[in-house]
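Report on the following structure.
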Amino acid sequence: MAKVALFPGSFDPMTNGHVDVLRAALEIADRVVIAIGVHPQKSPFFTVEERTAMLEDIVATLDPAIRKRVSVMSFGGLLTDAARSSGATVIVRGIRDSSDVDSELRMAAMNAVTAPEIHTVFVAASPMNRHISATLVRQITDMKGDPSAFVPAPVAARLARRGARIGG
Ligand code: PNS
């Protein structure tokens, strides 16, 4: 049976660090479902439709043999419900540094109680990309800077429309 991994996040927007985690997830599982978590009480930088479109554009840039193993969805409820409905047995989360560890372990422990059959696997982004955060990418964009070193090209194009000065 094909092993399915759910790769959840806000992806507001997806960064090069997220791409590293996606590549690691593809090493672990046969299929990877990128799942955009939608928080009704939060106002995101990009709408869920925009984030879905960007993720699909990023997936389209992957090698065809890899691309067909990746899908994109959004969810508004519990992560474990999204994992179960996707047929995932693994949840993949990226860890940047020690500041991520406590909250990620807490979330994994809660999810292990609600869905004991699903395991959370932690992946480190590459050293080159480990410092990147979507929050800082949004801040650079708001301040008319150039965040293109930190994000895949389809995201850079969208950020340009939101005021980022791509290419200096
Ligand atoms: O990229 P982010 O913002 O760290 O992603 C957070 C996300 C979407 C994975 C997280 O908010 C989440 O799991 N939301 C679903 C709600 C849920 O299941 N809550 C209980 C977890 S203990």
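Heavy-atom accessible area of residue 42 with all protein chains present, probe 1.4 Å, nearest 10 Å²?
Ignoring ligands and nucleic acids, residue 42 comes out at about 130 Å².
Taking amide H atoms as placed 1.01 Å from N in the peptide plane, list the residues 5 or more away in sequence, or in a different chain, whose amide H sits under 5 Å from that of residue 10.
For residue 10, the qualifying residues are 37.
Rolling a 1.4 angstrom probe over the protein chains, ignoring ligands and nucleic acids, what is the accessible area of residue 56 in square angstrom, nearest 10?
100
How do 99, 43, 133 stack up against each other in accessible area, from largest to smallest, with a 1.4 angstrom probe?
Order by accessible area, largest first: 43, 99, 133.
Considering only protein heavy atoms, with the full assembly of protein chains and a 1.4 angstrom probe, order 105, 22 by accessible area, largest first.
105, 22
For the chain, what does -39500 (n - 2.57) per DSSP helix run (n ≥ 4), summed and divided by total residues, give at 222 nm, in deg cm²/dmol to the nearest 500?
Rounded to the nearest 500, it is -13000 deg cm²/dmol.
Counting only protein heavy atoms, what percent of the accessible surface of region 1-124 is carbon or sulfur at a 1.4 Å probe?
That share works out to 57 percent.
Please work out how much accessible surface residue 33 shows to a 1.4 Å probe, ignoring ligands, DNA and RNA, in Å² rounded to 10.
Probe radius 1.4 Å; accessible area of residue 33 about 10 Å².
For residue 140, what is the net charge nearby, where nearby means another residue's Cβ is under 10 Å from its Cβ and Lys, Arg count +1, Asp, Glu -1?
Surrounding charge for residue 140 is +1.
Rounded to the nearest whole Å², what accessible area per residue is found for region 4-130 with the 1.4 Å probe?
I get 50 Å² per residue for this part.
For residue 68, list the lysines whose Cα falls under 28 Å from its own Cα; do not include residues on the same chain fewer than 8 positions away.
3
The values are calculated or read from the model by the stated rules, or taken from the named source; none is laboratory data. Because the structure is a prediction, the values reported are computed rather than measured. A quick note on method: Cβ atoms are made from the backbone with ideal geometry, for glycine too, and the neighbour counts reach across all protein chains shown. Areas reflect the complete protein model, heavy atoms only, side chains present, ligands, DNA and RNA absent. Shrake-Rupley method; radii C 1.70, N 1.55, O 1.52, S 1.80 Å.
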